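Asks: This is the structure I want to talk about, given as structure tokens.
Values quoted throughout were computed directly from the atomic coordinates according to the rules given, and no laboratory measurement underlies them. What you are looking at is a predicted structure, and each value in this text was computed from that prediction instead of being measured. Quick reminder, even Gly has a Cβ in these numbers, built from the backbone with ideal geometry, and neighbours come from all protein chains shown.
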Amino acid sequence: MLKINNLCAKVGDKDILKGLNLEVKPGELHAIMGPNGSGKSTLAAVLAGRDSFEVTDGSVDLDGIDLLDLEASDRAREGVFLAFQYPIEIPGVSNLNFMKAALNGKRSHQGLEPIKAKDFLAKVKECSSLVELDGQLRDRSVNEGFSGGEKKRNEIFQMAMLEPKLAILDETDSGLDIDALRVVSKGVNAMRSSERSFIVITHYQRLLEHIVPDFVHVLSNGKIVKSGGKELALELEEKGYDWLKEPSHDTSNA
Amino acid sequence: MSVFTDKFSATLPPPTRKSERWKYSPIAKLLNHEIEISKASAQGLNGWPESLMPNPVLNLDAYLVVFKNGVFEPTLSDLPVSDGVDCIPFSKMDQSGPLEFSNVYHQKEWIGELNDTYRQDGLSLHVHRNVKVDRPIVIHHLTDGINVASFPKHLIKVEEGGELNVVIWSSATDRSSGMYNGLLEASIGPNAILSLEKVCNEGGKVFHFSHEHIVQERDSKLKMHTFTIKGDWVRNELEIISRGKGTDSVFNGAYLPLGTEHIDNHTTMDHTSSDCTSSELYRGIMYGHSTGVFNGKVFVRPDAQKTNAFQQNTNIVADRGAAINTKPELEIYADDVKCAHGCTVGQFDLDALFYLKSRGIDEKAAKALLVEAFLADVLSSVSSTELSAEIMSLYTERHGW
Ligand SMILES: Nc1ncnc2c1ncn2[C@@H]1O[C@H](COP(=O)(O)OP(=O)(O)O)[C@@H](O)[C@H]1O
Ligand SMILES: [Mg+2]
């Protein structure tokens, strides 16, 4: 499904991703862990098409499509979804209008008619109850005045609405209390299927008790420095990241 | 001397860039124009362009009063309006003459003198005591022709307890050029309400000057909106004088110029009496190589204790070539007052834009959503949803969202 090959990206003069390789097959859930500042959010943003990052080398292939060649909106229409670490508040844009525009954008890409109002509302009801947000989205602007937990649940709601092929969750667990974590995990698990893949970025092992990964990777200084099964997460919890850290300065030409 | 002043003489001199009030809206180009004084007579539908409707807001159930190139068009207008309202063009008045006004301008200027000298016609609109006018009155000004000039002036008096909604809509055909110089003087009596929407949707190359001068008496309410949908060169000037206790003045505006359009909004809110509130919100998005000016003066005079005045001008510069100069000017001479103001110039929120795009909304649609949100606070206070919907759809159509 997804093949990332030697991905290098920078912002301004600062190299952040330094030759990252990753392959994700349909239905797999990959966890990416790593210390703060290692480039996890950058990877997520580069995959989703944020153009403030410059890709300097490498390729990303999603089912035969060169992802790096597409605008962010077209990547979403091809099935990429990013749950933001810090969801954005957009005053004046209603949650429902936002989701309707998103859904219809995708549908027009697939040659489908805009969704019928009744079907749309039914879908909203179904997806919002999945993350226990039912009735709380109508008449409110996108993320405006939402608590931290509500914002994260709204991300999962949007994921459920858009039914992506590849979902990237960036620290969806951060700032959640245990109840909210349970709700969010339940939503993610309900979405798991043999056709949908996940990249779950997290700093802590506790999320992976609820959302069990097939693979765990450690990202450090812009590269994947270790990969393993779900037991790697436990090992990281115990030992921290220091034993895996690459020196942060470039040693390749030493 | 110039081509223009040779034809249109005045005792006051035309403003130059040395005047602070005209520094960012120089009129040199106008002075080189061969504009004629329009002496046409009414032509009715025969003289009306096919591309436009005499009624600019078809969905709005309103009384329509139409002027073309400054001349009243009786056959296209719905006069008289309901009982308790005298709504008569000056040209149709008997010896009673137009309303007496005691409005005092902060400054007499060349542009106003031209209107006084060359005025073709105007409307005298008198709402009697406690009369609530049943429908809005839409005054439609059309400019159609090469180098034509119109100089309308409207007088509006709402007596104690009265209520009135007026829409002043100016349009121009794409072939048109010349000048629109429109004045409006209004007096809002005690406890009376005036809602006024001014919409400029002019094609062609017309120098548009308009000046509203509004005096509010005790406990009166003003709700004013100034929308510039389209206009090559537009200067909107609004002066509000609160001279009774407990008045409330809301005045909002929006502009989204394209190309090389120029838009200037000058506003003055003069609080002379106590316990009054004013709230001003102007929002603009500057596209292409457009230029803009916002100048908002608020005076709080020594007797205007317990004034609550709010002013905000928010601008988005959407393209590199566009620019806007924004300036609040607050002069506060009373101590027990609340005044808040903020003028900002920024870009589209890139985080919000990326968020929308990451959900599959394309750039154009994403920007349209952000624009709609940006304008929502201005549009939501418009007197009727029919009118606000029409305005939004004209913006949408023009910008191709
Ligand atoms: N827009 C930016 N400008 C400058 N530096 C940035 C920017 N975004 C991220 N960085 C830097 O890139 C590095 C990786 O950041 P990030 O991808 O957010 O890490 P993580 O999500 O793993 O904590 C950090 O050193 C961060 O400061
Ligand atoms: Mg991060």
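Asks: Kindly flag which residue pairs out of A:Lys3/A:Lys125; B:Lys108/B:Lys153; A:Lys18/A:Lys165; B:Lys245/B:Lys297; A:Lys123/B:Lys367; A:Lys3/A:Lys40 have an alpha-carbon separation exceeding 23 Å in this structure.
Replies: From A:Lys3/A:Lys125; B:Lys108/B:Lys153; A:Lys18/A:Lys165; B:Lys245/B:Lys297; A:Lys123/B:Lys367; A:Lys3/A:Lys40, over 23 Å: A:Lys3/A:Lys125; A:Lys18/A:Lys165; A:Lys123/B:Lys367.
Asks: Just tell me which aspartates and glutamates come within less than 16 Å, Cα to Cα, of A:Lys226; anything on the same chain fewer than 8 places away is out.
Replies: Straight-line reach from A:Lys226, under 16 Å: A:Glu23, A:Asp214, A:Glu235, A:Glu237, A:Glu238, A:Asp242, A:Glu246.
Asks: Which is farthest toward the positive dipole end of the range B:1-157 among B:Ile35, B:Leu79, B:Ile111, measuring Cα position about the Cα centre, with Cβ charges +1 (Lys, Arg) and -1 (Asp, Glu)?
Replies: B:Ile111
Asks: At 37 °C and 0.692 mPa s, what whole-number value in µm²/s does Stokes-Einstein give for the translational diffusion of chain A, with Rh from the Kirkwood sum over Cα pairs?
Replies: Calculated translational D: 174 µm²/s.
Asks: Still on this structure: Loop-only trypsin sites (Lys or Arg not before Pro) in the range B:57-111, please: DSSP not H, G, I, E or B, and at most 12 other Cβ atoms within 10 Å.
Replies: Those satisfying the criteria are B:Lys108.
Asks: Another question, if that's okay. How large is the helix-only mean residue ellipticity at 222 nm for chain B, computed as the sum of -39500 (n - 2.57) over DSSP H runs with n ≥ 4, divided by its residue count, in deg cm²/dmol to the nearest 500?
Replies: Result for chain B, helices only: -4000 deg cm²/dmol.
Asks: Per DSSP helix of 4 or more residues, -39500 (n - 2.57); summed, then divided by the residues of chain A. What does that give at 222 nm, rounded to the nearest 500?
Replies: -10000 deg cm²/dmol
Asks: Averaging sequence separations of C-alpha pairs under 8 Å and six or more residues apart, then dividing by the length of chain A, give the relative contact order as a whole percent.
Replies: The normalised contact order for chain A reaches 27 percent.
Asks: Compute the FRET efficiency between A:Ser108 and A:Val212 as 1/(1 + (r/R0)^6), taking r as their Cβ-Cβ distance and R0 = 45 Å, and round to the nearest 0.05.
Replies: That gives a FRET efficiency of 0.80.
Asks: List the residues of the range B:194-227 whose backbone N lies under 19 Å from a point placed 7 Å from the Cα of B:Met53 along the Cα-to-Cβ direction.
Replies: The answer is B:197-203, whose backbone nitrogens lie closer than 19 Å to the label point.
Asks: With an 8 Å Cα cut-off and a minimum separation of 6 or more residues, compute the relative contact order for chain B in percent.
Replies: 10 percent
Asks: Continuing with the same structure: Can you give me the angle between helix A:117-130 and the longest principal axis of chain A, using Cα atoms only, in degrees from 0 to 90, rounded to the nearest 10?
Replies: Roughly 50 degrees between the two axes.
Asks: Something else about it: A:Lys239 to A:Asn5: FRET efficiency via 1/(1 + (r/R0)^6), r the Cβ-Cβ distance, R0 41 Å, to the nearest 0.05?
Replies: Efficiency, rounded to the nearest 0.05: 0.90.
Asks: For the range A:144-237, run through the GluC sites (Glu not before Pro) and keep only the ones in DSSP coil with at most 12 other Cβ atoms within 10 Å of their Cβ.
Replies: Answer in residue order: A:Glu195.
Asks: Run the quick spin-label model on B:Val3 and B:Ser82: label points 7 Å from Cα toward the beta carbon, then report their separation in nm to one decimal.
Replies: Using points 7 Å along Cα→Cβ, the separation is 4.9 nm.
Asks: Counting DSSP beta bridges with both partners in the protein assembly as shown, what percentage is antiparallel, nearest 5?
Replies: 20 percent
Asks: Let me ask something else. Below 21 Å, Cα to Cα, which lysines can B:Lys132 reach? Residues fewer than 8 away in the same chain don't count.
Replies: B:Lys157, B:Lys198, B:Lys221, B:Lys223
Asks: Taking the Cα centre of chain B as origin and charging only Cβ (+1 Lys, Arg; -1 Asp, Glu), how large is the dipole, in debye to the nearest 20?
Replies: Using Cβ point charges on Lys, Arg, Asp and Glu, chain B gives about 780 debye.
Asks: Over 16 Å apart: what share of the alpha carbon pairs of the range B:291-401 falls there, rounded to a whole percent?
Replies: 71 percent
Asks: Further question on the same structure: Can you give the FRET efficiency for B:Gln347 and A:Asn97, using 1/(1 + (r/R0)^6), R0 = 30 Å, r = Cβ-Cβ distance, to the nearest 0.05?
Replies: Efficiency, rounded to the nearest 0.05: 0.85.
Asks: What's the magnitude of the charge dipole for the range A:2-248 around its Cα centre, counting Lys and Arg as +1 and Asp and Glu as -1 at the beta-carbon? Answer in Debye, nearest 20.
Replies: Magnitude of the dipole: close to 480 debye.
Asks: Right, here's the next one. Could you check the simple spin-label distance between B:Asn147 and B:Asn308, using points 7 Å along Cα→Cβ, in nm with one decimal?
Replies: Result: 5.4 nm between the two label points.
Asks: Take A:Lys186 and A:Ala117, extend 7 Å from each Cα along the Cα→Cβ direction, and tell me the distance between the two endpoints in nm.
Replies: Inter-label distance under the simple model: 3.2 nm.
Asks: So, one more: Would you work out which of B:Thr143, B:Ala376, B:Ser25 lies farthest towards the positive end of the dipole of the protein assembly as shown, given +1 charges on the beta-carbon of Lys and Arg and -1 on that of Asp and Glu, about the Cα centre?
Replies: Of B:Thr143, B:Ala376, B:Ser25, it is B:Ser25.
Asks: Fully extended, how many nm does the chain gain between B:Arg17 and B:Asn46 (0.36 nm per residue separation, minus their Cα-Cα distance)?
Replies: Here the segment from B:Arg17 to B:Asn46 would lengthen by 6.2 nm.
Asks: Which of A:Gly12, A:Val212, B:Cys276 sits farthest toward the positive end of the charge dipole of the protein assembly as shown, with +1 on the Cβ of Lys and Arg and -1 on the Cβ of Asp and Glu?
Replies: A:Gly12
Asks: Let me ask something else about it. Could you give the dipole magnitude of the range B:151-241 about its Cα centre, charging the beta-carbon of Lys and Arg +1 and that of Asp and Glu -1, in debye to the nearest 20?
Replies: Approximately 320 debye in magnitude.
Asks: Ok, one more. Based only on the alpha carbon positions, what is the Kirkwood hydrodynamic radius of the protein assembly as shown, in angstrom?
Replies: Every distinct Cα pair counted, the radius reaches 28.2 Å.
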